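Participant: Would you mind keeping the following structure in view while I ask a few things?
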Amino acid sequence: MQTVDLILKSLYISLMPRSVKTADFLIIGGGVAGLRAAIEVAPKGSVVVLTKDKPAESSTGYAQGGIAVALSDEDEVGIHHRDTIKAGNGLCKEEAVKVLVEEGPAVILELISWGAEFDREGSRLAFTREAAHSRRRILHAHGDSTGKELERVLIKKVRTFPSVSRYDFAFTTDLIIEDNRCVGAVVLKDKEVIPIYAKAVILATGGAGQLYSRTTNPLIATGDGIAIAYRAGAVLDDMEFIQFHPTTLYSPSAPQFLLSEAMRGEGAILKNIHGKRFMPQYHEMAELAPRDIVTRAIISEMVKTKAKHVYLDLTHLDKDFVKRRFPGIYSTCLLFDIDITEDLIPVCPAAHYIMGGVKSGLNGETNINGLFAAGEAACTGVHGANRLASNSLLEGMVYGARAGKAASELRVEPAPLRGARAGSSELRVPKSLKIPKFKIQNSKIDIEKIRSSLRRLMWNKVGIIRCKESLTTAKEKLREWDSILKAGFTSRAELELKNMLTTANLIVESALLREGSIGAHYRSDFKEKGENWQRHALCQKGRAVEWSNA
Ligand code: FAD
Ligand code: SIN
């Protein structure tokens with residue numbers, strides 16, 4: 001027993017903070033939103049950008065279809081505005097959409113001036129079409145690798161600022177809040193707990209697709225930022241709205257690989273397993289109907305035909321065009337013996353994007369002073385109940401820049417560095433500093449098992465079609481895991497599970513509150529919009545989920 005105590009003691013000590021770091025600006029997340037924010041604040045002070053994994057491991061890096069922007073001759077910002085609002089089913093915040101579409105062209109032209117190489121037809125930018133867009137307005141790069149190109153250019157630009165430091169594999173556990181001001185965050189890196197103090201913190205941690213057993217999202221997307229902000233007292237909005245992408249590769253031997261909506265934009269059609277095209281029966285825009293409608297139509301066909309998938313068909317398109325336009329998708333599918341120019345591709349929907357998140361204003365501001373949010377972790381209200389395709393990279397660019405600008409304009413005293421040596425960037429821990437305690441006590445938790453059960457639970461009970469019964473079952477199951485939320489944590493895996501459980505709870509509670517169907521939130525027991533349809537489900541720690549009008 002004594003030996004065990006000694007081991008525990010030494011492990012505990014190794015998790016205690018040895019140093020405090022400081023920066024003017026702390027940016028949590030290195031996807032499009034975090035990097036764009038970093039570029040904005042970099043000329044104004046020292047910046048730390050945190051990523052919990054490799055620098056480019058983010059949803060941004062996997063983005064395929066492109067980035068929507070009203071730059072083509074046939075387009076106007078007003079039409080982009082209208083399409084966004086229409087897809088969002090009346091729940092978009094119009095002012096936020098206006099900012100998105102009006103500032104979009106300038107941020108994209110600036111990105112091009114930094115070296116972004118979007119595909120061209122001759123010397124002119126090439127625009128493709130995606131669902132619910134009434135114009136061809138999606139810029140893309142290397143055919144279907146738009147996200148990689150964005151990451152490449154943004155990382156290159158960030159590197160030009162000596163004021164920016166990057167900490168990779170640095171898992172943020174919690175925000176540090178003093179008197180409703182966010183003054184930093186606590187980071188777990190190499191088993192060391194490091195508090196990082198800053199004048200302003202920008203949360204850009206991305207989405208939560210990993211909560212679902214079928215998802216397009218990378219492993220990092222566990223809803224950390226949403227859960228962290230909730231624990232800190234931030235207000236969250238619209239958590240019930242999860243967007244399911246209609247077409248991901250369905251094959252037992254293949255990963256859940258995304259098959260871009262741009263394929264349908266270029267003429268691909270959906271067929272059921274009997275080879276019958278079905279989308280024209282569901283919507284006048286057929287394969288290019290809003291994403292939630294296509295997703296539910298696919299589910300309906302899968303049920304009718306008792307199949308686990310439908311097909312995406314490009315075989316009628318010119319083979320060379322398909323290979324040239326979708327080189328990444330073509331070569332990935334070939335790895336699984338599917339030649340997309342000749343074979344029907346088995347596809348099925350998967351969780352893709354969370355419309356809800358940390359409630360933030362036009363400058364990324366939240367209800368906590370000094371805390372800003374941008375990108376998928378934020379809820380600016382631009383997406384409403386259903387995000388218009390390819391609007392999220394644009395949102396990351398526009399609102400990342402805005403959050404950065406607002407953070408850089410904050411006039412506050414430097415972060416409280418009690419006991420700090422002046423001018424030092426790395427300081428001994430002042431005795432008065434309060435650091436969350438990490439305890440060695442979780443060996444009994446089977447993290448992988450619970451994570452997997454949670455993901456299946458969310459897919460089966462809180463998925464594309466929900467109802468009171470399924471949501472209540474999920475709620476009860478989540479309650480069984482409640483004790484995990486109260487336990488101490490020692491590893492990234494445990495912390496991620498805790499965040500996933502918190503985020504799942506918020507989705508379930510918000511989905512229960514919304515007794516109606518709108519956009520991506522579909523309740524089989526309330527198929528109409530419901531009387532509260534124009535309101536937003538608001539979550540804040542210590543309060544039951546409730547309606548808000550703003
Ligand atoms: P991300 O790019 O996901 O970055 C999150 C960052 O936060 C990462 O650096 C991560 O390490 C860090 N992080 C997370 N948690 C922590 C933590 N606890 N501590 C420290 N760091 C943390 N949108 C479009 O507009 N067009 C598209 O074509 C498109 N295609 C897509 C294809 C796929 C396969 C996927 C998954 C998404 C696609 N999307 C697309 C959606 C879009 O890519 C994302 O919504 C967007 O990139 C999110 O950017 P972000 O900066 O908010 O987050
Ligand atoms: C896709 O390429 O289909 C994804 C686009 C998006 O999520 O906006």
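The values are calculated or read from the model by the stated rules, or taken from the named source; none is laboratory data. Since this is a predicted model, take the numbers as computed values, not measurements. Here the Cβ positions follow ideal geometry from the backbone for every residue, glycine too, while neighbour counts run over all protein chains shown. Quick note on the areas: whole protein, heavy atoms, side chains included, nothing else; ligands and nucleic acids left out. Shrake-Rupley method; radii C 1.70, N 1.55, O 1.52, S 1.80 Å.
Participant: Taking into account only those residues within the stretch 249-297 that are open to solvent by 40 Å² or more (accessible area, probe 1.4 Å) and of a type in the set (Ser, Thr, Tyr), which is nearest to residue 522 (Cα to Cα)?
Facilitator: 282
Residue by residue, here is whether (1) open to solvent by 50 Å² or more (accessible area, probe 1.4 Å); (2) under 30 Å from residue 25 (Cα atoms); (3) at pLDDT below 55; (4) in contact with a Cys (Cβ under 9 Å, 6 or more places away or on another chain) holds:
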position: 422; (1), (2), (3), (4): yes, yes, yes, no
position: 426; (1), (2), (3), (4): yes, yes, yes, no
position: 440; (1), (2), (3), (4): yes, no, yes, no
position: 449; (1), (2), (3), (4): yes, no, no, no
position: 467; (1), (2), (3), (4): no, no, no, no
position: 471; (1), (2), (3), (4): no, no, no, no
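Participant: Please verify whether residue 175 is buried (at least 23 other Cβ atoms within 10 Å of the Cβ) and away from ligand 1 (no atom under 14 Å from the Cβ), treating the condition exactly as stated.
Facilitator: When the stated conditions are applied, residue 175 does not pass them.
Participant: Just to be sure, is residue 363 assigned to a loop (DSSP other than H, G, I, E, B), in contact with a Leu (Cβ under 9 Å, 6 or more places away or on another chain), of a type outside the set (D, E, K, R) and at pLDDT 95 or above?
Facilitator: Criteria not met by residue 363.
Participant: Sort out which residues of the stretch 192-215 are within 16 Å of ligand 2 (Cβ to nearest atom) and assigned to a strand (DSSP E or B), and write them in order of number.
Facilitator: Result: 215, single match.
Participant: From (1) modelled with pLDDT under 95; (2) within 21 Å of residue 61 (Cα to Cα), pick out the condition that doesn't hold for residue 378.
Facilitator: The single condition residue 378 does not satisfy is (1).
Participant: Sort out which residues of the stretch 59-87 are more than 13 Å from ligand 1 (Cβ to nearest atom), in contact (Cβ under 8 Å) with a residue 40 or more places away in the chain and in a loop (DSSP other than H, G, I, E, B), and write them in order of number.
Facilitator: 70, 71, 72, 74, 75
Participant: Filter the stretch 361-373 down to the residues that are within 12 Å of ligand 1 (Cβ to nearest atom) and in contact with a Ser or Thr (Cβ under 7 Å, 6 or more places away or on another chain) and list them by number.
Facilitator: The one that is within 12 Å of ligand 1 (Cβ to nearest atom) and in contact with a Ser or Thr (Cβ under 7 Å, 6 or more places away or on another chain): 373.
Participant: Considering 339, 318, 313, which residue is acidic (Asp, Glu) and open to solvent by less than 10 Å² (accessible area, probe 1.4 Å)?
Facilitator: Unique residue meeting the criteria: 313.
Participant: Of the residues 231, 324, which single one is touching a helix residue (DSSP H, G or I) at 6+ places or on another chain (Cβ under 8 Å) and either within 16 Å of ligand 2 (Cβ to nearest atom) or not hydrophobic (A, V, I, L, M, F, W, C) (or both)?
Facilitator: 231
Per-residue answers, yes or no, for (1) of a type in the set (Gly, Ala, Ser); (2) farther than 20 Å from residue 333 by Cα:
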{"residue": "231", "(1), (2)": "no, yes"}
{"residue": "234", "(1), (2)": "yes, yes"}
{"residue": "240", "(1), (2)": "no, yes"}
{"residue": "255", "(1), (2)": "no, no"}
{"residue": "258", "(1), (2)": "no, no"}
{"residue": "266", "(1), (2)": "no, no"}
{"residue": "271", "(1), (2)": "no, no"}
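Participant: Follow-up question, since we're still on this one. Report every pair of residues separated by at least 6 positions or lying on different chains whose Cβ atoms are under 9 Å apart, first residue within the stretch 131-154 and within 14 Å of ligand 2 (Cβ to nearest atom), second assigned to a helix (DSSP H, G or I) and among the polar types (S, T, N, Q).
Facilitator: These pairs meet every condition: 132/84; 138/146; 139/146; 140/146; 147/59; 147/60; 148/60; 150/60.
Participant: If you don't mind, there's one more thing I want to ask. For residue 185, state whether it is within 14 Å of ligand 1 (Cβ to nearest atom) and among the small types (Gly, Ala, Ser).
Facilitator: So residue 185 fits the description; yes.
Participant: Still on this structure, I have one more. From the list 480, 496, pick out the single residue that is more than 30 Å from residue 85 (Cα to Cα) and surrounded by 17 or more Cβ atoms within 10 Å (Cβ to Cβ).
Facilitator: 496 is the lone residue from the list that is more than 30 Å from residue 85 (Cα to Cα) and surrounded by 17 or more Cβ atoms within 10 Å (Cβ to Cβ).
Participant: Then there is this: Report yes if residue 46 is of a type in the set (Ser, Thr, Tyr), closer than 22 Å to residue 188 by Cα, open to solvent by 10 Å² or more (accessible area, probe 1.4 Å) and within 21 Å of the chain's Cα centre (by Cα), otherwise no.
Facilitator: Answer is no for this residue.
Participant: Give the residue, chosen from 490, 503, that is touching a residue at least 60 places away in the same chain (Cβ under 8 Å), assigned to a loop (DSSP other than H, G, I, E, B), within 16 Å of ligand 1 (Cβ to nearest atom) and open to solvent by less than 30 Å² (accessible area, probe 1.4 Å).
Facilitator: 490
Participant: Which residues, counting only those in the stretch 205-227, are among the hydrophobic types (A, V, I, L, M, F, W, C) and out of contact with any strand residue (DSSP E or B) (no Cβ under 6 Å at 6 or more places or on another chain)?
Facilitator: Those that are among the hydrophobic types (A, V, I, L, M, F, W, C) and out of contact with any strand residue (DSSP E or B) (no Cβ under 6 Å at 6 or more places or on another chain): 211, 219, 220, 221, 227.
Participant: Another one. Select, from 405, 434, the only residue that is open to solvent by 50 Å² or more (accessible area, probe 1.4 Å) and at pLDDT below 80.
Facilitator: Unique residue meeting the criteria: 434.
Participant: Scan the stretch 220-239 for residues that are near ligand 1 (Cβ under 10 Å from one of its atoms) and not hydroxyl-bearing (Ser, Thr, Tyr) and report the count.
Facilitator: 8
Participant: Okay, next question. Within the stretch 66-120, can you find the residues that are within 15 Å of ligand 2 (Cβ to nearest atom), within 22 Å of the chain's Cα centre (by Cα) and either of a type in the set (D, E, K, R) or open to solvent by 10 Å² or more (accessible area, probe 1.4 Å) (or both)?
Facilitator: Of everything in the stretch 66-120, just one residue is within 15 Å of ligand 2 (Cβ to nearest atom), within 22 Å of the chain's Cα centre (by Cα) and either of a type in the set (D, E, K, R) or open to solvent by 10 Å² or more (accessible area, probe 1.4 Å) (or both), namely 83.
Participant: Before we move on, is residue 63 of a type in the set (A, V, I, L, M, F, W, C) and either under 30 Å from residue 23 (Cα atoms) or in contact with a Gly (Cβ under 7 Å, 6 or more places away or on another chain) (or both)?
Facilitator: So residue 63 passes the test.
Participant: Starting from the stretch 251-277, take each residue that is more than 16 Å from ligand 1 (Cβ to nearest atom) and list its partners that are among the polar types (S, T, N, Q), counting only C-beta distances under 7 angstrom and pairs at least six apart or across chains.
Facilitator: That search, which allows pairs on different chains as well, returns 272/305; 273/305; 274/305.
Participant: Residue under question is residue 214, and the condition is that it be more than 29 Å from residue 465 (Cβ to Cβ), open to solvent by 20 Å² or more (accessible area, probe 1.4 Å) and either within 15 Å of ligand 1 (Cβ to nearest atom) or not aromatic (Phe, Trp, Tyr) (or both); does it hold?
Facilitator: No: the conditions fail for residue 214.
Participant: Could you say which residue among 366, 341 is at negative phi and in contact with a strand residue (DSSP E or B) (Cβ under 9 Å, 6 or more places away or on another chain)?
Facilitator: The conditions single out 366.
Participant: Would you say residue 227 is surrounded by fewer than 24 Cβ atoms within 10 Å (Cβ to Cβ) and either farther than 19 Å from residue 50 by Cβ or modelled with pLDDT of 95 or more (or both)?
Facilitator: no
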